[in-house]
Amino acid sequence: MFSDDESNHASSKEVRHEVKLKNQRCEVFYDKMTFIYLEMPHFTKTLPELETIYDKWLYVLKHLPTLTERPAALQERVFKRLFEAAEIARFTSEEKGLYEASLKSYRDLKNVIDTAFDEGKIEGKIEGLIEGEAKGKIEGLIEGEAKGKIEIALNLIKKGLSIELIGEVTGFSPQEIKKLINDLE
């Protein structure tokens, strides 16, 4: 016979039951294994009564075979994915074959595009590095050459050479040489 506690439990209208392995003293002896049973006939909520995501999942589990469209109360993204999967599960063998072939074509095309995009990014980075390095070298040479000319011009100014002679040696205009002279003073 059942004890009072067991008979109350057996007659309750609970939907979810959690069962654990217990010893003779009713102590859980292995907490890594739990069985969860759902008694779907006990779940009686209607669509307007659904409050939690748990309620919604129970409703879907109970009514999925009879639902023809997604109810307004089940608009979360996870339910959208569930209903899409359920639609695919209803396909005939021929429809499944066509769907899988279409999916394979889509994935193949996506992989080709992704690979081309990734290769293009790598190629672009390499080209950018090469161009940047070349540009940097040219700018460095030009800057170095300009600094060298300025240094020569300053040394010639310090030696007291004429503006015309300094211009012939460095290629600077008389105005540029006069500016250097002013900067020295």
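Taking the numbered list (1) over 30 Å from Ile88 (Cβ atoms); (2) exposed (fewer than 10 other Cβ atoms within 10 Å of the Cβ); (3) modelled with pLDDT of 90 or more in turn, Lys13 passes all entries but (3).
Every test in (1) assigned by TED's automatic domain parsing to the domain that holds Lys13; (2) more than 24 Å from Lys13 (Cα to Cα); (3) of a type outside the set (Asp, Glu) is passed by Leu103 save one, and that test is (1).
The rows are residues; the columns are (1) at pLDDT 90 or above; (2) closer than 30 Å to Ser102 by Cα; (3) among the polar types (S, T, N, Q).
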{"position": "Asp4", "(1), (2), (3)": "no, no, no"}
{"position": "Asn8", "(1), (2), (3)": "no, no, yes"}
{"position": "Asp31", "(1), (2), (3)": "no, no, no"}
{"position": "Thr34", "(1), (2), (3)": "yes, no, yes"}
{"position": "Arg70", "(1), (2), (3)": "no, yes, no"}
{"position": "Gln75", "(1), (2), (3)": "no, yes, yes"}
{"position": "Val78", "(1), (2), (3)": "no, yes, no"}
{"position": "Phe83", "(1), (2), (3)": "no, yes, no"}
{"position": "Phe91", "(1), (2), (3)": "no, yes, no"}
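The values are calculated or read from the model by the stated rules, or taken from the named source; none is laboratory data. Here the structure is a predicted model, which means the values were calculated and not measured. Because the Cβ atoms are built from the backbone with ideal geometry, glycine has one as well, and the counts that use them run over all protein chains shown.
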